[in-house]
Amino acid sequence: MNQELMTLDFWQDTVIYEGKAFPIGTLACDALNVPADTIAKMNEHCEKINLLLGLLNAGQDIVIVDNLYNSSPKVIDRIERITGKRPVFVEADCCDRAAMDRLFSDYDITGVIHFAGLKAVGESVEKPLLYYRNNLDSTLTVLEVMREHNCHQFVFSSSATVYGDQPAPLYETAQTGGCSNPYGWTKFMIEEILKGACRADLALSVVLLRYFNPIGAHESGLIGENPNGIPNNLMPYITQVAIGRRERLTVFGDDYDTPDGTGVRDYIHVVDLAEGHLCAIRYAQAHTGCEVFNLGTGRGVSVLEMVHTFSEVNNVPVPYVIGPRRAGDLATVYADPAKAKQILGWEAKKTLADMCRDSWRWQTRNPSGY
Ligand code: WQD
C-alpha cells in the first residue's frame, strides 16, 4: 500500500485540487484522485488541516502523528465532523526514531511533507536549545528513516526568517543566513542539510517552501490556530484580545523605519498556503534535486494596519499599547512571490480582510480554543 507521509500544521481547512481551493465542506470525495494513502503528522498548531481533510475525503487512510506540544487532540473530532471520517491519531514525536521507524514499517510511505517544528521567533530567543534540538533533530530523524525505507520526496516548511535582515522584497536567489533569531537559524541549517542531502543522493527530491506569515482559519470556524498559553504571534493575540481573553495587545515597537513605525510583514492566508503545498507535492513527484519557493503575497502589512483592518472588518475593538521592540524582530519582511507563480502556477488569492474575517470567525466560535 503506497503511503505518503505528510507532517501537517493544521492551518488548512480547504483542500486545493488542480489549482482550485475547495472549502472542505463542499469537497466531493471523487474530486481528489490522490494515488497514495497518507500519514499525517500534526504539528504545533492545528493548521494545515485542509490538506489532510481533503486527502481524507479522497478516501486516503490517514495516520496523524503529533506530540501535542502546542496543539489539541480535539482536532481529530473536528476532522471527523468535517469529513465524516475519523483518522487514526498517534501521539508521538518526530524526534522519536523508533516511532518514526514503526510508522515507515507499518506503511509504504512515498513522500513526506515536514512541518514538525517550533515556530515562534520570540520564544526561540528565550529557549534556543529547545528550538535547535527539536527542529533539527526531528528533521534529521525523519530524513534518516526515509532513506532506510527508500522514500525520496520531501517538502519542507521553511521560513522567510532564513533571509535575515535584507531589503524587501525577498527573492529566492537572495543570500540566506545572518538570521536574527534561533528559529530562523534552525530553518537555515535545515535548508543547508537538505541541499547537501540532494547533492549526495540524486534520487532525492526536495522542495523548500519559505513561508512568510501564515494567518487565518477555515471558513467553517471549526479549526484554527489555538496556541497553548500566551500567543507568540500577532494574529492569535489580536483575536484573544478582541474576544476578551486578554486585556490588550502590546505593539512591539513603533520606532522602526516603516510607514507607521511598526513591524511590516507579508501575511498569507492559510488556505493559500495549502494550495502552495499541493503544488509543491506535485513538483516533488515530477522532479529530483532541491528547489526553493517563497510562499507570500508580495505585500507588506504593518502591525497597526493589521490591528485597524481587523477592527474594521469585524467591527470589534482591539485595545493596544505601544511597547518596546521584541528581541529578534526585523523591521520589514515581505516576499517576491513570482517564482512560485512561474514554476508552480501558484499565487496567493485571499485578501487581508479575508484573513481577519476568518481568524475572527474561528475565535468567536471557539472563545476558549478547543
Ligand atoms: C509579526 C509582527 C511583531 C506579537 C512569524 C512566525 C515564524 C515565521 C515568520 C513561518 C512583528 C508584531 C507580534 C505581538 C506585536 N513564519 N507583534 N505584538 O515574528 O514575523 O514570525 O513569521 O515560518 O514562524 O512566527 O510573526 O506574528 O510573531 O510577529 O507587535 O504580541 O507583529 O513585532 O512585527 P514573526 P509574529
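Annotation: amide H-H contacts under 5 Å for Leu204 (H modelled 1.01 Å from N, sequence separation of 5 or more, or interchain): Gly289.
Each principal axis of the Cα atoms in the range 223-309 has its own extent, and those three values, largest first, are 50, 33, 20 angstrom.
Across the range 211-370, Cα-Cα pairs farther apart than 26 Å form 31% of the total. Close amide-amide hydrogen proximity is noted between Ala335 and Leu170, Thr297, Gly298, Arg299, each under 5 Å apart and 5 or more residues distant or on a separate chain (H modeled in the peptide plane; Pro and chain starts excluded).
Neighbouring Cβ atoms within 10 Å as the yardstick, rank Met146, Met306 fewest first.
Numbers: Met146 22, Met306 26.
By the 10 Å Cβ count, ascending: Met146, Met306.
A cut-off under 14 angstrom between Cβ atoms defines the neighbours of Gly328, and their net charge, with Lys, Arg +1 and Asp, Glu -1, is +2. Treating r as the C-beta distance of Glu312 and Ala338 and R0 as 25 Å, the FRET efficiency rounds to 0.25. Multiplying the residue separation of Arg147 and Ala286 by 0.36 nm and subtracting their alpha-carbon distance yields 48.2 nm.
Each residue, Leu68 and Arg245, gets one label point 7 Å from its Cα in the Cβ direction; the gap between the two is 1.8 nm. Note on Asp137 and Asp260: the model spin-label points, each 7 Å out from Cα along the C-beta direction, lie 4.1 nm apart.
Computed FRET efficiency, Cβ-Cβ of Ile322 and Glu80, R0 45 Å: what is it to the nearest 0.05? Let's see the in-between values first.
Numbers: r = 44 Å, r/R0 = 0.97.
Given R0 = 45 Å and the Cβ-Cβ separation, E is 0.55.
Rg of the Cα atoms in the range 67-145, relative to 2.2 N^0.38 Å, amounts to 1.26.
Working from label points 7 Å from Cα in the Cα-to-Cβ sense, the Asp108 to Gln166 distance is 4.2 nm.
Can you put Cys94, Cys179 in order of Cβ neighbours within 10 angstrom, beginning with the fewest?
Lowest count first: Cys179, Cys94.
Multiplying the sequence separation of Ser368 and Leu202 by 0.36 nm and subtracting their Cα-Cα distance, what value in nm do you get?
Working: separation 166, 0.36 × 166 = 59.76 nm, distance 4.81 nm.
Contour length minus the Cα-Cα distance gives 54.9 nm.
Say the cut-off is 26 Å between C-alpha atoms; which of Lys195/Lys349; Lys127/Lys187; Lys195/Lys350; Lys187/Lys341; Lys119/Lys339 go over it?
Values: Lys195/Lys349 30 Å; Lys127/Lys187 15 Å; Lys195/Lys350 31 Å; Lys187/Lys341 23 Å; Lys119/Lys339 24 Å.
Checking Cα-Cα distances, Lys195/Lys349; Lys195/Lys350 exceed 26 Å.
Can you put Met189, Met355 in order, fewest other beta carbons within 10 Å first? Write out the running numbers ahead of the final one.
Numbers: Met189 17, Met355 28.
Ranked by crowding around the Cβ, least crowded first: Met189, Met355.
In this entry, the range 111-262 is assigned a mean projected area of 11.5 nm², taken as a quarter of its C-alpha convex hull surface. Taking the inverse of the mean reciprocal distance over all distinct Cα pairs, the Kirkwood hydrodynamic radius of the range 279-370 comes to 16.4 Å. Shown here for the range 230-265: trypsin sites (Lys or Arg not before Pro) in loop regions (DSSP other than H, G, I, E, B) with at most 15 other Cβ atoms within 10 Å, namely Arg245, Arg248. In the range 140-172, which chymotrypsin sites (Phe, Trp or Tyr not before Pro) are in a loop and have at most 15 other Cβ atoms within 10 Å, using DSSP for the loop call? Qualifying residues, ordered by number: Tyr171. Using amide H atoms built 1.01 Å from N in the peptide plane, name the residues 5+ places from Ile109, or on other chains, whose amide H lies under 5 Å from its own. For Ile109, whose amide H was placed from the backbone, the distant partners under 5 Å are Gln3.
No value in this document is a laboratory result; all are computed from the given coordinates. Treat the numbers as computed from the prediction; the structure is a model and nothing was measured. Please note: Cβ atoms are built from the backbone with ideal geometry, for glycine as well, and neighbour counts cover all protein chains shown.
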